[in-house]
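Here the structure is laid out as structure tokens; the discussion comes afterwards.
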Amino acid sequence: MNPSTVEAVFRLAEVRELAATCVELSGIRGLRLFLSDDLARWASHMRSAAGTDGVNPTFDPGCGKVAPGESLCLWVRDETGGTVACIAGRVFETTDFTMLVRSLKLWFDPVPAGMPDGLRLVLPATFPTLAGRVGHVGGLWIHPEFRGKGLSTILARLARGAVLDRFTADWDTWVSFRKIADKAVLTSAYGTADAALCVDGFFPPTNRHEQVFLSFATRAQVLHAVRDGVAALAGAMRPYGPREELAAVSR
């Protein structure tokens, strides 16, 4: 993406501003930002990517019905064209998003033979009904050599905004395991949202016991995260020294 394509790709002013800031910051670092709807390519990359826990089946067209007009992925590449970071997003039309979680259809559609009939959810009684067009982001990957340099903030905030903008989502969601949910530096990259423990038991997608948290946000919360991301990333482009710049964007 470049400043001219940002104007053509995104409708919401807040998302356009964030995308332009991300493009500029990436360029300062000798990197380029790309938007695509090819999740098959994302899944292929993730199968061989360094330092990954595997492929999130939610975004793998080999595991479900992922339509190009309802999905996207963001890529960050270096000057040689090598991928240094990526993230995926899609939208679900549903009367209750937690039904997709309970039935395992968030990850597999159809659900493979031999898997349990569903998950036992431990969501609180106060958990809202996420209905309508529900955005979902995940599959964030940063090359080990580029971790801790703020790319997670660039991709997470922009992916949330892009799904909201391009697919007119009513809600924004993602899931995370305990090892991620307990790390404030990682969860803060995504910005404003609420979260609740969703699964505490055997989790078929990883074939082991997991504590899985479901994060959710309204359109207003996503736009707040987008605007906050603009401020944080713009601050990182001030005339700091190299180490100070990286620290600023990683906060």
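Key figures for this structure:
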{"quantity": "Unique residue being more than 18 Å from Thr206 (Cβ to Cβ), of a type in the set (A, V, I, L, M, F, W, C) and free of Cβ contacts under 8 Å to residues at least 24 places away in the same chain when the list is Ala67, Ala85", "calculated": "Ala67"}
{"quantity": "Among (1) open to solvent by 10 Å² or more (accessible area, probe 1.4 Å); (2) modelled with pLDDT of 85 or more; (3) under 17 Å from the mean Cα position of the chain (by Cα); (4) not basic (Lys, Arg), the one test that Pro204 misses", "calculated": "(3)"}
{"quantity": "Residue in the range 142-151 that is surrounded by 15 or more Cβ atoms within 10 Å (Cβ to Cβ) and assigned to a helix (DSSP H, G or I) present", "calculated": "yes"}
{"quantity": "Members of the range 46-77 that are among the acidic types (Asp, Glu) and surrounded by fewer than 17 Cβ atoms within 10 Å (Cβ to Cβ)", "calculated": "Asp53"}
{"quantity": "First in the range 159-173 and under 12 Å from Val137 (Cβ atoms), second anywhere and of a type in the set (Ser, Thr, Tyr), Cβ under 7 Å, 6 or more apart", "calculated": "Arg160/Tyr190; Trp171/Thr218; Thr173/Ser215"}
{"quantity": "Single unsatisfied condition, Phe34 versus (1) open to solvent by less than 40 Å² (accessible area, probe 1.4 Å); (2) of a type in the set (A, V, I, L, M, F, W, C); (3) within 23 Å of Leu233 (Cβ to Cβ)", "calculated": "(1)"}
{"quantity": "Filter result (farther than 18 Å from Leu186 by Cα and either hydrophobic (A, V, I, L, M, F, W, C) or over 17 Å from the mean Cα position of the chain (by Cα) (or both)) within the range 211-230", "calculated": "Ala220, Leu223"}
{"quantity": "Residue match in the range 162-176 (condition: modelled with pLDDT of 95 or more, in a loop (DSSP other than H, G, I, E, B) and under 29 Å from Arg120 (Cβ atoms))", "calculated": "yes"}
{"quantity": "The range 155-192 - residue that is over 10 Å from the mean Cα position of the chain (by Cα) and of a type in the set (Ser, Thr, Tyr) and, of those, least open to solvent (accessible area, probe 1.4 Å)", "calculated": "Ser176"}
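The values are calculated or read from the model by the stated rules, or taken from the named source; none is laboratory data. Computed from a predicted structure; not experimentally measured. So basically every Cβ, Gly included, is an ideal-geometry build from the backbone, and we count neighbours across all protein chains shown. The protein model used for the area step is the full one, side chains on, heavy atoms only, and it has no ligands, DNA or RNA in it. Shrake-Rupley method; radii C 1.70, N 1.55, O 1.52, S 1.80 Å.
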